[in-house]
1. Take region 235-268 and flag every residue that is modelled with pLDDT under 90 and among the hydroxyl-bearing types (Ser, Thr, Tyr).
2. Mind checking which pairs have a first residue in region 271-286 that is within 14 Å of residue 252 (Cα to Cα) and at pLDDT 80 or above and a second that is open to solvent by 70 Å² or more (accessible area, probe 1.4 Å) and part of a helix (DSSP H, G or I), Cβ under 6 Å, 6 or more apart or different chains?
3. Residue 34 versus (1) at pLDDT 80 or above; (2) over 34 Å from the mean Cα position of the chain (by Cα); (3) open to solvent by 30 Å² or more (accessible area, probe 1.4 Å): which is the lone unmet condition?
4. Can you tell me which residue is nearest to residue 339 (Cα to Cα) among those in region 158-194 that are open to solvent by 40 Å² or more (accessible area, probe 1.4 Å) and assigned to a strand (DSSP E or B)?
5. I need a count of the residues in region 219-231 that are at pLDDT below 90 and open to solvent by 10 Å² or more (accessible area, probe 1.4 Å).
6. Of 139, 153, which residue is touching a residue at least 24 places away in the same chain (Cβ under 8 Å) and buried (at least 16 other Cβ atoms within 10 Å of the Cβ)?
7. Restricting to region 195-207, name every residue that is open to solvent by 10 Å² or more (accessible area, probe 1.4 Å) and not hydroxyl-bearing (Ser, Thr, Tyr).
8. Here's a check for you: in region 40-54, which residue that is assigned to a helix (DSSP H, G or I) and open to solvent by less than 70 Å² (accessible area, probe 1.4 Å) is modelled with the lowest pLDDT?
Amino acid sequence: MGQAAKSTRQNRTITVDFQDEATYFQLLGDTQAFVECVLAFLLALGFQLLHKVSCSEGGSLTRHSHYARLRLGGLTIWRVQCTTCRAVFTVLPHFVVRYRSMRPEVARDALLATHGGLSLELCAVIHHLSPMALYRLVCALGHQSLVTVLTRCGLPLPTYFLADEKHSRCLTEKVYLPTIVCGRVLWHLGYVEEASAVAVTQSYGEFQRAASQQEPSYRVKGVLTDGFDSTTKSLRTLFPGVRLGFCLRHALLKLPKKLVAITSPVRQSLRTQFHTLLYRVRQRKSLRVVALGQRLRHFVEHVTATAGAANGARVRRWVHEKKAGWYAVLEDSRMPVTSTLVDQAHNAMERKLFMMKGFHHPKGSQQAFLTGLAHLYNLVPYQRRAQHAGQCGVEVEGGQVPTRDWFLNLQILTSGGFR
């Protein structure tokens with residue numbers, strides 16, 4: 001007879017900020033003060049402990065046991081227990097990284113240098129780490145859902161966003177990264193080996209399920225895409241009734257490719273006129289859709305007269321396919337207009353993937369690694385460039401650098417011991 005599958009063990013680890021190491025060691029000698037400090041920390045953050053299903057959470061916490069973390073010099077780690085359901089919680093001090101022998105300061109500086117554009121190998125040399133240890137640290141962050149962490153940060157779920165699947169390479173194979181961006185926040189960064197509608201739907205479905213778990217009534221009102229067939233099919237499947245818009249910047253880039261056998265000045269002139277058409281329609285406060293339809297017909301007629309009947313017919317078919325998406329952008333002022341932000345997010349990821357050979361390992365944790373990089377992209381301020389990465393002197397907009405408690409906040413937000 002086959003063996004029954006083991007149930008997944010709940011993660012009941014709590015990362016608590018004791019302010020400094022001396023306070024932690026002092027509290028170890030006073031059980032009541034230690035437990036009260038843990039409870040005060042949880043209440044201050046508004047988190048609830050992950051008790052057993054049968055628990056009413058009415059019981060109090062008491063000391064359960066302790067053990068020594070040998071790789072950290074015999075550091076004492078305490079466990080506390082709920083007096084009602086007997087669930088046991090491990091209390092990690094803020095200067096300990098779960099399952100890692102490195103100190104949080106070292107991990108924080110290495111992650112910031114990694115996010116600044118240095119390779120895993122260079123970061124490992126600078127901070128005296130193993131490249132695989134740093135790779136696994138990024139993957140550990142990637143096991144936490146982007147949606148869960150961002151909603152814990154207080155961000156509302158996006159009702160309008162940008163969606164696109166950008167291509168990258170893993171070794172010599174071409175892969176695709178389905179991406180969802182709202183503003184400068186990455187809400188989803190997936191990994192698929194083909195750009196079919198089934199694969200893309202499965203990737204975007206992870207975002208849809210995570211968002212529905214956070215807010216069952218969650219509905220998406222508008223999505224901007226580049227008009228790729230797999231993207232539009234997957235979004236209509238996952239979000240019925242959603243308004244799908246097509247990027248206006250992509251339209252300007254695609255138009256010259258529809259014009260063949262004409263001189264470059266004529267092609268550039270038609271592109272400039274098309275840009276002026278879209279700009280003037282966007283400036284109108286009323287009847288923008290009607291104005292767009294009229295201007296598109298006149299523009300197609302002008303293309304036919306200027307570039308010939310074949311080019312005119314080709315542009316007419318293209319306009320007929322894309323104008324519904326352009327209408328959607330102009331009808332709703334809350335819809336994004338261009339996909340520039342998703343391009344910027346992907347370019348930032350692509351620069352990091354190019355420098356990090358861990359992504360190109362055939363048996364690597366690509367999805368976890370990408371999600372970990374997305375967490376860094378969201379939680380570390382936007383950077384122009386990294387200078388003096390050995391001292392973690394990351395220059396950001398406004399001359400600010402990440403605060404010292406940045407990595408502690410990241411530990412707490414990605415901890416699985418709260419709900």
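1. 263, 264 - these are the residues of region 235-268 that are modelled with pLDDT under 90 and among the hydroxyl-bearing types (Ser, Thr, Tyr).
2. 277/295
3. Going through the list (1) at pLDDT 80 or above; (2) over 34 Å from the mean Cα position of the chain (by Cα); (3) open to solvent by 30 Å² or more (accessible area, probe 1.4 Å), residue 34 breaks only (3).
4. Going residue by residue through region 158-194, those that are open to solvent by 40 Å² or more (accessible area, probe 1.4 Å) are 159, 167, 169, 171-174, 176, 182, 184, 191, 193-194.
Okay, now just the ones that are also assigned to a strand (DSSP E or B), so 167, 169, 173-174, 176, 182.
Details: 167: 15, 169: 22, 173: 26, 174: 22, 176: 17, 182: 10 Å.
Restricting to residues being open to solvent by 40 Å² or more (accessible area, probe 1.4 Å) and assigned to a strand (DSSP E or B), the top hit is 182.
5. Going through region 219-231 one residue at a time, the tally reaches 5.
6. Values: 153 fails: buried (at least 16 other Cβ atoms within 10 Å of the Cβ).
So the residue among 139, 153 that is touching a residue at least 24 places away in the same chain (Cβ under 8 Å) and buried (at least 16 other Cβ atoms within 10 Å of the Cβ) is 139.
7. Listed by number, the residues that qualify are 195, 197, 198, 199, 202, 206.
8. Ranking the candidates gives 42 first.
The values are calculated or read from the model by the stated rules, or taken from the named source; none is laboratory data. Owing to the predicted nature of the structure, the values given are computational and were not obtained by experimental measurement. Please note: Cβ atoms are built from the backbone with ideal geometry, for glycine as well, and neighbour counts cover all protein chains shown. SASA here: full protein model, heavy atoms, side chains in, ligands and nucleic acids out. Shrake-Rupley method; radii C 1.70, N 1.55, O 1.52, S 1.80 Å.
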